[in-house]
Amino acid sequence: MRSERLLALALVATCLGGPAVTADFSDPTWPCVQRKVERLSVGLMWPHPLVEPELAPDTEAAVDELAGRFALRRLELDEIAPTLDDFVAEHGADPALLGTVFARTFDRLAATRTTIIKGIEDYSLSQIALSEKIGGIRSEMDALLVAETPDYDRIDALEAQLDWDERIYTDRRQSLTYVCETPVLLEKRLFAIAQMLLDVSEG
């Protein structure tokens, strides 16, 4: 029943104009055209066994620093390349060591991605609730307009509320493209980091 209700509300949202609340009716809480992948697999990105070696304190600190830089989305990978070169020059390019760098980077970015996906789901549910509210306001206005003695004060108040709610709905919808792209961008970044580290370990 809950799924049917959410699907009906998604169709109501379509009538408001623009993309529907959800692009995949199999999961009405997911509003993105991108396929929903809740959890990433580190094994699909890193082909070697991830067994963390015993690390000296200075290597441990260097691994954390490099992983932290890789996890900073505002840094392009080209900007991090010199830091990686310095790391390899000082600590070597053992696949197990670089795998540890990747595993720690993966954990950080995967956690960020999970938080973002939860935020998208919450966003979708708030849009569904708002579309339901808008539908209710329209139904009440329609009933008042055909009444024998219309309450124009109430109709005016409802119209003002409808304008406000539709503006909020539209503003939220316009930010949807960027929000939905973020988990995909994080996944692409992780694949690129894995390849960058593998190139070094195999080079």
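Quick one: would you say Val200 is more than 29 Å from the chain's Cα centre (by Cα) and in contact (Cβ under 8 Å) with a residue 12 or more places away in the chain? Yes, satisfied. The residue of segment 55-109 that is surrounded by the most Cβ atoms within 10 Å (Cβ to Cβ), among those that are assigned to a loop (DSSP other than H, G, I, E, B) and touching a Ser or Thr at 6+ places or on another chain (Cβ under 6 Å), is Ala71. Entry remark, segment 134-160: residues being closer than 26 Å to Glu121 by Cβ and either loosely packed, with under 15 Cβ neighbours inside 10 Å or touching a Pro at 6+ places or on another chain (Cβ under 9 Å) (or both) number 1 in total. Applying a threshold of 9 Å to beta carbon distances and a minimum spacing of six or more residues, or different chains, the list of pairs starting in segment 33-51 at a residue that is within 19 Å of Thr112 (Cα to Cα) and ending at one that is in a loop (DSSP other than H, G, I, E, B) and modelled with pLDDT of 85 or more reads Lys36/Trp30; Val42/Leu50; Gly43/Leu50. Within the set Asp107, Asp94, the sole residue that is under 30 Å from Glu60 (Cβ atoms), of a type outside the set (Ser, Thr, Tyr) and without any contact (Cβ under 8 Å) to a residue 24 or more places away in the chain turns out to be Asp107.
The values are calculated or read from the model by the stated rules, or taken from the named source; none is laboratory data. Values in this document were obtained by computation on a predicted structure and should not be read as measured data. Cβ: placed from backbone, ideal geometry, glycine included. Neighbour counts: every protein chain shown.
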